[in-house]
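First up is the structure itself, then whatever we jot down about it.
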Amino acid sequence: MKPKIYITRMLPNEIIDKLSGDFDVRMWEEEDIPVPKEVLLKEIEDVDGLICLFTETIDEEVIKKAHNLKVISNVAVGYNNIDIEAAAKRDIIVTNTPGVLTETTADLTFALLMATARRVVEASDYLRRGEWGSWSMMQLTGQDIYGATMGIIGLGRIGEALVKRAKGFDMKVLYHNRTRKLEKEQELGIHYVELKDLLEQSDYVCLLLPYSPEVHHLIGKEELSLMKNDAILINSGRGGLVDEDALFHALKDGEIWAAGLDVFEQEPVPVDHPLLTLPNVVTLPHIGSASVKTRMRMAHLAADNMINVLKGNEPITPVFLIKAQ
Ligand code: GLV
Ligand code: GLV
């Protein structure tokens, strides 16, 4: 009998073809609605492998229902949607997709930064509304990017890739990270600072750290008040890193100048969310890794991780290693 796998979101045919030779594949086929919890709880019971997105919460309740599960393969680099302790207790391997999306996500982060700094979306809307009556001196003026100071919170792969882009714009780069990376400082020409100093000195504060409860609302009222009045916050990490209510007030009261957000505490973000009413916010629907090639690479890596585990080989990119008993 072929091992059974469940896929929580439609994946491209190329991936399904690759899996269906060796596995009995079942998949949630509604493109726009995540699989309901009760369906997942049922589907998980007999499968050997699960491929899921970060939109699916794989908590202890789901893991407890799984009787044969050997691997949870997340099609994302972030895996805060999975209770990895509950998985580890059951010797279930969890894998993610690091590496393949690094440059694409750094591209989007820089695009978001540029769009926010130069008011690209607002300016385009202004023109389309027919408001471009004449050219005037200070009309739609934004902030400079070249030569400014970028502060990166969370210097992982994506942060490092972002540094390369910033250097191309002659930016000075500061970073804050749980562990200091002396070699990277040399190699990339960047400076380690405490969080408070980063917030006070940066023109662009970029959040690129993984979410965990310890960094919930890392950027709140107090942190925002340390930032310069003409500074810009860019979040392409996870929504939960920012206290959105505090951000709304900081933007409205001019404590900071603008924000570019690819992620929100609740996704999809409700269309009547207060942040969406502000002209100095550029918003995107969590598309950091969304290039055709990268999404295909992520899907292949997720499939290969699953294939490896179910064939008794090592996963390519496990998020932790289960110790031999
Ligand atoms: C997307 O946010 C990811 O974690 O890959
Ligand atoms: C993700 O790949 C990161 O380490 O930033």
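None of the figures in this text is laboratory data; all of them are computed from the coordinates on show. Everything quoted here is computed from the prediction, not taken from an experiment. FYI the Cβ positions are ideal-geometry reconstructions off the backbone, even for glycines, and counts take in every protein chain you see.
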From the helices alone, meaning DSSP H stretches of at least four residues, give me the mean residue ellipticity at 222 nm for the chain, per-run term -39500 (n - 2.57), in deg cm²/dmol to the nearest 500.
-10000 deg cm²/dmol
From the backbone phi of segment 63-79, what are the Karplus-calculated ³J(HN,Hα) couplings (6.51 cos²θ - 1.76 cosθ + 1.60, θ = phi - 60°) in whole Hz, Gly and Pro given as x?
5, 5, 6, 7, 9, 10, 5, 10, 8, 10, 10, 8, 8, 5, 7, x, 9
Magnitude of the Cβ-charge dipole of the chain, K/R +1 and D/E -1, about the Cα centre, nearest 20 debye?
820
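Could you give the length gained on full extension between R180 and I16, defined as 0.36 nm per residue of separation minus the Cα-Cα distance, in nm?
Values: separation 164, 0.36 × 164 = 59.04 nm, distance 4.17 nm.
Once the chain is fully extended between R180 and I16, it gains 54.9 nm.
Would you please name the chymotrypsin sites (Phe, Trp or Tyr not before Pro) within segment 169-201 that are DSSP coil residues with at most 15 other C-beta atoms within 10 Å of their C-beta?
Numbers: sites: F169, Y175, Y192; in loops: F169.
Filter output for segment 169-201: F169.
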Quick one: dipole size for segment 102-283, taken about the Cα centre, charges +1 on Lys/Arg Cβ and -1 on Asp/Glu Cβ, in debye to the nearest 20.
460
Backbone HN-Hα couplings from phi across segment 294-299 [Karplus 6.51/-1.76/1.60, Hz, Gly and Pro as x]
5, 5, 5, 4, 5, 5
Pairs of alpha-carbon atoms within less than 8 angstrom and 6+ residues apart define the contacts here; what relative contact order does the chain have, in percent?
18
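What FRET efficiency comes out for D144 versus R90 if R0 is 45 angstrom and r is the Cβ-Cβ distance? Round to the nearest 0.05.
So, using R0 = 45 Å, E works out to roughly 0.30.
So in the chain, what percent of DSSP beta bridges are antiparallel if you round to the nearest 5?
Details: 1 of 39 bridges.
Bridges in the chain are about 5 percent antiparallel.
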With point charges of +1 on the Cβ of Lys and Arg and -1 on the Cβ of Asp and Glu, referenced to the Cα centre of segment 102-283, which listed residue (A259, N235, I190) lies farthest in the positive direction of the dipole?
I190
Distance in nm between label sites at L278 and T55, each 7 Å beyond Cα in the beta-carbon direction?
2.7
Once amide H atoms are built 1.01 Å from N in the peptide plane, which residues 5 or more positions from G151, or in another chain, come under 5 Å H to H?
L174, D203, Y204, V205, C206
Selection from V163, P210, V75 lying farthest towards where the dipole of the chain points positive, charges on Cβ:
V163
Can you list the residues, at least 5 places off or on another chain, whose amide H is less than 5 Å from the amide H of M27, using H built in the peptide plane?
I7
